[in-house]
1. Just to be sure, is A:Cys31 exposed (fewer than 15 other Cβ atoms within 10 Å of the Cβ) and over 25 Å from B:Leu79 (Cβ atoms)?
2. Among the numbered criteria (1) over 54 Å from the mean Cα position of the chain (by Cα); (2) at the interface with chain B (Cβ under 10 Å from one of its Cβ atoms), which one does A:Lys51 miss?
3. Find the residue count for region B:156-202, including only residues that are outside any helix (DSSP H, G or I), touching a helix residue (DSSP H, G or I) at 6+ places or on another chain (Cβ under 6 Å) and among the hydrophobic types (A, V, I, L, M, F, W, C).
4. Can you tell me how many residues in region B:52-67 are without any contact (Cβ under 8 Å) to a residue 24 or more places away in the chain and either more than 10 Å from every other protein chain (Cβ to nearest Cβ) or crowded, with 21+ Cβ neighbours inside 10 Å (or both)?
5. Looking at region A:59-90, which of the residues that are within 12 Å of chain B (Cβ to nearest Cβ) and acidic (Asp, Glu) is surrounded by the fewest Cβ atoms within 10 Å (Cβ to Cβ)?
6. Name every residue in region A:8-23 that is of a type in the set (D, E, K, R), surrounded by 14 or more Cβ atoms within 10 Å (Cβ to Cβ) and within 59 Å of the chain's Cα centre (by Cα), in order of residue number.
7. Name the single residue, out of those in region B:177-202 being closer than 27 Å to A:Thr57 by Cβ and hydroxyl-bearing (Ser, Thr, Tyr), that is surrounded by the fewest Cβ atoms within 10 Å (Cβ to Cβ).
8. If you check every pair at least six apart or on different chains, which have Cβ atoms under 8 Å apart with a residue in region A:7-25 that is without any contact (Cβ under 8 Å) to a residue 40 or more places away in the chain first and a residue that is in a helix (DSSP H, G or I) and aromatic (Phe, Trp, Tyr) second?
Amino acid sequence: MKDKHIVNLLESAPLAELSERDLSEVRAHACECAGCLQAFEAAQIATLLLKERTAETFEPSAFFHTRVMATLRERQTTNEQWAWSRIWRAAGALASSMAATVAALAVLTFVIPGQVTTVTPETTAFSAYSAEEVILDHGESDEQVSDGQVLTTLYGADEDR
Amino acid sequence: MAGSRFPGVRHPNSLNREHFLSNSCEEASDLALARRAREGDESAFEEIMRRYSPRVFRFASRFFRQRSLVEEAAQEVFLKAFTQLGSYRGRGSMEGWLTRITTNTCLNLLRSSKRRPELRVSDLTEDESTWLDNQMAEAATERHKSSERSSVAADLAERVLHTLSPDDQLVLILIDGEDASVKEVVEMTGWSASKVKVQAFRARRRMREGVEKLLAPKAKAGSKSI
């Protein structure tokens, strides 16, 4: 052990928990190794510092309990208010979405059908007539073509021949 | 909380009733108190605080040197405890349950506080420097203490600890300072045993190196003067 550095041994456990055998080995090595001696001294001082640090303690003040209870009540009140405001906000959002839906339905019911009312049965009939006209006569009615014209169309060509 | 509806006007039996309630609180088990506090009985929670606040304060004092910080930590512990009363089933002791909450609260507060950079000899106060000189001079002899010197040492310890990470501070304070076992630290923190051991090993190294840096210039100065 004398020729082995003892740094790892120092850090493996608190100094107070090192066995007497380990400590004597540490001391023996530290006598011959300046680096380990410094590490050992530093470890001893570090242990002492920690002991001094943990020896200090505070007691609760006379008003501590009162203060905690007051904070607790305050937080509970805040939480309740927050819960109510959340419910209120949720209700507001629901109400506004419902109002928007009603408005949209009203527009669909009263405004858009009003434009469709221009389509009357007469216009529908006119449209049907117009379609027939387009398909059969290209805009000319039977009455507009005279019998003579028809005969000329049918037999005029033969006569020409 | 037992009390009259009209302050100053007391029912003839109210004193006896209050006396009975306070006695019943004092004698009630922790589990019964927790159940009553959960149901909204403030006097039950006050009794829990009365029983355990000295312990919580003592434990939080290990992590903070300013009284205001200790009080802040302790208050946070009891506020958390109140909201988590439902999780206390009475399987373990209430003291252990509160110690776990205290450990986590202190660790969180340490994490939120700014870590100091490396501590150098030039950063030490005169008292701290003298304390270190004395320790080196008395290295071979038995160290004696005085309250003044203890305070200086605690200041210096605080400064050295603040250069370490919160996890390092926690294990050093608990294991090396409080003589807690690895198993106890595992229970307090919820870390694995191997994490606690490795953390403690590394924390000791970092603490020792921090102190060694403070000692090195003094050792050099000492050898020069010789």
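Bear in mind that the values in this text are calculations on the coordinates, not laboratory data. Since the structure is predicted, the reported quantities are computational estimates derived from the model, not experimental observations. Neighbour counts run over all protein chains shown; Cβ positions are idealised from the backbone, glycine included.
1. Considered against the rule, which asks whether it is exposed (fewer than 15 other Cβ atoms within 10 Å of the Cβ) and over 25 Å from B:Leu79 (Cβ atoms), A:Cys31 comes out as yes.
2. Of the numbered conditions (1) over 54 Å from the mean Cα position of the chain (by Cα); (2) at the interface with chain B (Cβ under 10 Å from one of its Cβ atoms), the odd one out for A:Lys51 is (1).
3. The number of residues fulfilling the criteria is 2.
4. Within region B:52-67, residues that are without any contact (Cβ under 8 Å) to a residue 24 or more places away in the chain and either more than 10 Å from every other protein chain (Cβ to nearest Cβ) or crowded, with 21+ Cβ neighbours inside 10 Å (or both) number 2.
5. Here the answer is A:Glu74.
6. Result: A:Glu11, single match.
7. B:Ser181
8. Pairs found: A:Leu10/A:Phe40; A:Glu11/B:Phe201; A:Ser12/B:Phe201.
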